[in-house]
Amino acid sequence: MRVLYFHQHFSTPKGSAGIRSYEMARRLIARGHEVIMVCGSYGGGQTGLATPFVKGCRRGLVAGMEVIEFDLAYSNTDGLAKRAGTFIKFAVRSIGLAFTERYDVLFATTTPLTAGIPGIFARWLRAKPFVFEVRDLWPELPRAMGVIRNPIVLGALSMLEWASYRSAHRLIGLSPGIVDGIAHRGVPRQRVALVPNGCDLEIFAAEVTPWRPAQVQATDLMAVFAGTHGLANGLDAVLDAAAELKRRGRNDIKLLLIGQGKLKPGLQARVERDGLSNVVFHEPVNKARLAGLMAATDLGLQILANVPAFYYGTSPNKFFDYIAAGLPVLNNYPGWLAEMIGEHRCGFAVPPDDPVAFADALEAAATDRDALKVMGSQGRALAEKEFSRTLLADRWVDWIEEVRR
């Protein structure tokens, strides 16, 4: 089977972006299938291609798959208009490939929602099987966050969402809330599979050299947030907790924010202004380097803005990286991850917008390091039992293969 796979933000492990598509494609190849990966140039990502672009495109073989990369740069720091333009350009070029490439199944994954456009054309104009993977519910999330308010734009996105769901022969949701959201749009549940983000157990179990930034002492409790510094992430909650810790004189607790994003300069300015020396910023790193950092980390921070749509409607990579690395997790919003942390006793679930409770949890972690290690071991056991990338990738490939049959 030959799969035409669209993921605008594709990256190999050499980049600092998520590698779900890379691992899923590798599993398809291991099962005897061919993969053509179509992507753009994502800031922080590495596609594996280094040859010059020719007429806005380059292609080559990477890890057994053919990669087609469009010369469409994208960064989380881009403004809304620029990002929308990049999404549309990628969709238009993708339609061309949907008509000209040889393939048996077209697979597309969000974000953005425009990723579904080539699948719609392939389904109705080429009679090709189409599988659509939904990583975030659009336009529900941007509406809930207030990022998009124009009723015309929201209406157009809602129509595209409906058309993508109804055109797909099968769908995949990355969280329980996403699966529910797809079904709410009238898609029969037997056409939707839940395949959450997974844990790269081998990467985080490999022998690595532990490291910490120079500002963090070996005796400090180091809590790490590894991800985008954007509006959705609500990282002011970390700074609020840092201010509370400073008030308490807990200089032995360091909060490391590693990544990039549109709000990072503003966060850095606030740290400087408020004298929050217990907050450390670091540039993004690739998976191998991240594994070394995680080996020296005491606690992973799973942080999101207090938006109810996030509670069950997200499947954050960073959470699964933390438990794969055997780290306990501090989560600051309700939902399926908070429930999982409570059920498996693998961290702390604190109320949103509560810097006192946040700081209390950090102090408890710093006070009882032995209990912290037990929580981390329980998180790793959860990762191995339910979220192994190999286990989930096999389930994912089964779903793709069945649509072809």
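Laid out as a table, the results:
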| quantity | calculated |
| --- | --- |
| Kyte-Doolittle mean at least 1.0 and Cα axial length at least 20 Å: DSSP H helices in the chain | none |
| Environment charge at GLU386 (Cβ cut-off 13 Å; Lys +1, Arg +1, Asp -1, Glu -1) | +2 |
| Selected from VAL195, VAL92, GLY379, residue furthest toward positive end of dipole (the chain; charges at beta carbon) | VAL92 |
| Antiparallel bridge percentage (DSSP; both residues within the stretch 1-118; nearest 5) | 30 |
| Only Lys, Arg (+1) and Asp, Glu (-1) charged, at Cβ; the stretch 202-386 dipole about Cα centre in debye | 420 |
| The stretch 109-251: Cα Rg divided by the 2.2 N^0.38 Å rule of thumb | 1.44 |
| Over 21 Å (Cα to Cα) - which of LYS318/LYS385; LYS14/LYS373; LYS82/LYS262 fall in this group | LYS14/LYS373 |
| Aspartates and glutamates with Cα under 16 Å of LYS89, excluding same-chain neighbours fewer than 8 positions away | GLU69, ASP71, ASP78 |
| Rounded to the nearest 20 debye, dipole of the chain from Cβ charges on Lys, Arg, Asp, Glu | 1440 |
| Percent of Cα pairs exceeding the 25 Å cut-off, where the set is the stretch 202-386 | 26 |
| Order by protection proxy (mean Cβ within 10 Å, highest first), peptides 311-322, 92-103 | 311-322, 92-103 |
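Quick note: the coordinates plus some simple rules give every number you see, no bench work behind them. Predicted model only: the values in this text are computed from it and were never measured. Reconstructed Cβ throughout: ideal geometry from the backbone, glycine too, with neighbour counts over all protein chains shown.
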